[in-house]
Structure formats: structure tokens, C-alpha cells
Amino acid sequence: MPLALLALAISAFGIGTTEFVMMGLLPNVADDLHTSIPTAGYLVSAYALGVVIGAPLLAALTTRMPRKTVLISLMGLFTVGNALSALAPGFGWLFAGRVLSGLPHGAFFGVGAVVAAGMVEPARRARAVSLMIAGLTVANIVGVPVATLMGQHLGWRATFLAVGVIGLAAIASIALLVPQLPAAPGAGLRGELAAFRSAQVWLALGTTVFGFAAVFAVYSYITPLLTDVAGFGDSSVTLVLALFGVGATIGNLLGGRLADRALRPSLIGGLGAMAIVLALFTVTAHAQWSAALTVVLLGIAAFGAGSPMMVMVMEKARHAPSLASSANQAAFNLANAGGAWLGGLVIAHGFGYTAPAVLGSALALSGLAIAITAGLLERRAPEASRVIAGGAGAPAAQAEHVA
């Protein structure tokens, strides 16, 4: 695999760290800025808001720019956002810093996935995308816990300064390792928007929304489920959540390999596994060992479907994949917000902390139904799906250039 994928993984590591670390720093931030924890919780939503706004907007604005320049510019914006967060004199400035940090998230993963796929031969593109995403999953195992400890002992501002340094390292890595990749021939906003005329693109995005809403319906409330149902102590929850990160890393790498062999079957298999694991969680949650094992299996199933989902969107928008791939990141965050809202709804109606797992299984089955429907429609009107825009003809040469 090209060494340039390491630069993309470093960037994903920094993005994943800053996205999730705020959840562990809420008490510190609330205390320092003299606000309540629920109010400080808006800082988590601020980042998601930036992702949803920035993913299609920045992807649209950069369609004609060379992709290496786009990646460096997006990581520059990410670094500035974290610096603003670290130096924020008050809650309003910190909120703005979080929005600014989130703006490049979706566009970076969207463009980065296209770049990763374009640097290898077509038979290895899903594996290349999974290696980039590995930075995000490793952030949940290493980056978030270390950054949280740093914030608790050195102050939350030190955490965002450290993430800013990671951003600078990512910029340097991209500049040194990623080859010069021009915009796709004929690239432009009109061409990128044309991809959304395809029903297959919308079905792929719908699969992402329902598939990952299933995960977040449960994961958003995993702490009370582990403590109140499984009987874990508060101090043990962090370790169990790290196990989710381990499972996610395994699933991500496995999903990339399987998707290169059979893309749609891998996606369908991942969604089916997710539905089964979530359904079993209602039973396994009542014992510590089985709950911990199920958390690992959930990470494997969820992220085993992640790379196939991303590649499927690029495949169906192959002539103009950047905007569609970035829109898929917005779909992930819509799934995050929607899943968390639906999971909270069933808990609020008194169904208990295992109810989101039942809901999540139903959502995963909905995503599975959409994926199967898309496959059946594709058989009736087959599409040439071998080449991703920007990856035809040159992948091997680009890989040799990077290596």
C-alpha cells in the first residue's frame, strides 16, 4: 500500500480525537467556563453542526482544485479551529472553534476516500479506504483516552493545543507523502451535482443513514446500559468502550478486504451482522462478560460495514465522487443525531436501557432492506461500476510514485 495512506490516517486520527474528546471533557469545560454540563454539551453538537454544513459546502467549493491542495487546506482549517478552541476566552468562542473544527471533517473524509482509492489498483481500493479510516478507529482506542487524561491533568485547553499539533503533523505528512493529484477531468459543481440524479446514490446514502443510526441509537446510551444493566462500575466503562474501538479497528480492516472481493455482499453481510448483534444485546447485556463481548462484536459489525458503505457511494457516483462521498459523511452525522434522538425517545417512554438495542436492530434491518433493494434494481439496470473517477488508468503509476 502507498505510504501516502499514512498521511491520511494521521489526519483521520486527529479528526477522530477532537470529535469525541469533548464528551470526556464536559465537566472540566463547564467548571472552567462557569456554565452547566448540559450547556457545555452543546459543544458536542457544535462539532456535528460543522460537519453537516461543511461536508457538502466545502466539497462543492473545491471541486476544481487539485486534491492534494484540498486536503492540505482542509487540515489547515481543522488546525485553526482547534487553536481557536484552545485559546477561546469564553463559551461563544469555544462554540465557534468547535464548529470551525467540524467544517472540514466531512469534506476531508470524502475527498480523502477518493484520493486513497485513486492511489491503488481497483481491486484494492476498499482496503485503501479502510486504512485511512483506521486512523479514526485508533483514535477511539488511544487518542481520546490520552487526550481526556491530558485535559483532566493539564487543563482542557492543552488537549486542543495537542490536537492542533497533530493537525500540523498531518499537513506536513500530506505535503511530503501524497502525490500531486489534479482535479478529475471536467470536474465542476455541475458535474458533481449530476451524480445525485442517480437513484443508486440516494439508496447508498439511505443505507448509511439507517445503518449507522442503528449503531448510535445504542452507543449514545452505552454507559448507562453497561452500569445499570450489565453491572459495570464507572471506572470500568472506559475500558469496555476501548474494546469497542478494538472491535471497530478489526471490523474496519476486515470490511475493507472483504469489500474488495465482493462489495455489495460485504455491505449486506455487515448490516445483517449488525442487526443480529444488536438483537442479541438485549440478552447479553445482563452479564458483564457477555456485554463486553457484544460491545466488541458491535464494533466489528458496524465498522465492517463502514468501508463498503463509503466505497459504494463512490462507486455509484464514479464520474463525480467527491461531493457524493462528502455527502456520505454528512449522512453519517445525520445517523449519529437521529439514532441518538430515537434511542433517547424509547428510553424516555420507559422501555429501559436495552430498548435502544431493539430499535437499533430494526434500523439495521431497514438499512439492509435498502441495500438489498438497490442490488435488485441494479440487476435490472446494471451499471458499469469498476472505475472510480480519478482512479482510472493511473492508480498503479501513482502508487509507484508514492512508494
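The values are calculated or read from the model by the stated rules, or taken from the named source; none is laboratory data. These numbers come from a predicted model, not from an experiment. Reconstructed Cβ throughout: ideal geometry from the backbone, glycine too, with neighbour counts over all protein chains shown. Side chains included, ligands, DNA and RNA excluded: accessible areas come from the protein's heavy atoms. Shrake-Rupley method; radii C 1.70, N 1.55, O 1.52, S 1.80 Å.
Would it be correct to say that Gly255 is under 25 Å from Val129 (Cβ atoms) and in contact with a Gly (Cβ under 6 Å, 6 or more places away or on another chain)?
Values: under 25 Å from Val129 (Cβ atoms): yes; in contact with a Gly (Cβ under 6 Å, 6 or more places away or on another chain): yes.
So Gly255 passes the test.
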>> Being touching a residue at least 12 places away in the same chain (Cβ under 8 Å) and either assigned to a helix (DSSP H, G or I) or within 28 Å of Thr238 (Cα to Cα) (or both): is that true of Ala172 here?
In response: no
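Residue under question is Val120, and the condition is that it be buried (at least 19 other Cβ atoms within 10 Å of the Cβ) and more than 21 Å from Leu77 (Cα to Cα); does it hold? Step through it out loud before you land on a result.
Values: buried (at least 19 other Cβ atoms within 10 Å of the Cβ): yes; more than 21 Å from Leu77 (Cα to Cα): yes.
It is true that Val120 is buried (at least 19 other Cβ atoms within 10 Å of the Cβ) and more than 21 Å from Leu77 (Cα to Cα).
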> Does Ala96 satisfy the condition of being hydrophobic (A, V, I, L, M, F, W, C) and under 21 Å from the mean Cα position of the chain (by Cα)?
Replying inline: no
> Leu103: part of a helix (DSSP H, G or I), touching a residue at least 40 places away in the same chain (Cβ under 8 Å) and surrounded by 22 or more Cβ atoms within 10 Å (Cβ to Cβ), yes or no?
Replying inline: yes
> For the range 262-278, what are the residues that are open to solvent by 30 Å² or more (accessible area, probe 1.4 Å) and within 21 Å of Leu241 (Cβ to Cβ)?
Replying inline: Ala273
>> Show me the helices (runs of 4 or more DSSP H) entirely contained within the range 1-85 in which 1 or more residues are open to solvent by 20 Å² or more (accessible area, probe 1.4 Å), in contact (Cβ under 8 Å) with a residue 12 or more places away in the chain and acidic (Asp, Glu).
In response: 4-32
> Are any of the residues in the range 129-143 closer than 23 Å to Leu26 by Cβ, hydroxyl-bearing (Ser, Thr, Tyr), part of a helix (DSSP H, G or I) and at pLDDT 85 or above?
Replying inline: no
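Answer yes or no as to whether Ala291 is modelled with pLDDT under 95 and surrounded by 24 or more Cβ atoms within 10 Å (Cβ to Cβ). If you could, list the steps in order and put the result at the bottom.
Details: modelled with pLDDT under 95: yes; surrounded by 24 or more Cβ atoms within 10 Å (Cβ to Cβ): no.
It is false that Ala291 is modelled with pLDDT under 95 and surrounded by 24 or more Cβ atoms within 10 Å (Cβ to Cβ).
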> Hey, does the range 380-390 have a residue that's closer than 23 Å to Ala199 by Cα and at pLDDT 75 or above?
Replying inline: yes
>> Quick check on Ile250: is it open to solvent by 40 Å² or more (accessible area, probe 1.4 Å), more than 30 Å from Leu149 (Cα to Cα), at pLDDT 90 or above and not small (Gly, Ala, Ser)?
In response: no
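Looking only at the range 320-341, decide whether some residue is without any contact (Cβ under 8 Å) to a residue 24 or more places away in the chain and open to solvent by 10 Å² or more (accessible area, probe 1.4 Å). Lay out the reasoning, then the answer.
As a first pass, look at the range 320-341 and keep what is without any contact (Cβ under 8 Å) to a residue 24 or more places away in the chain: 341.
Retained after the next criterion (residues that are open to solvent by 10 Å² or more (accessible area, probe 1.4 Å)): 341.
Yes, the range 320-341 contains at least one residue that is without any contact (Cβ under 8 Å) to a residue 24 or more places away in the chain and open to solvent by 10 Å² or more (accessible area, probe 1.4 Å).
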> Out of the residues in the range 366-378 that are surrounded by 15 or more Cβ atoms within 10 Å (Cβ to Cβ) and over 10 Å from Gly211 (Cβ atoms), which is modelled with the lowest pLDDT?
Replying inline: Glu378
> All but one of (1) modelled with pLDDT of 90 or more; (2) open to solvent by less than 30 Å² (accessible area, probe 1.4 Å) hold for Val240; which doesn't?
Replying inline: (1)
> Hey, Val120 hits all of (1) more than 19 Å from Pro2 (Cα to Cα); (2) not hydroxyl-bearing (Ser, Thr, Tyr); (3) not in a helix (DSSP H, G or I) but one; which does it fall short on?
Replying inline: (1)
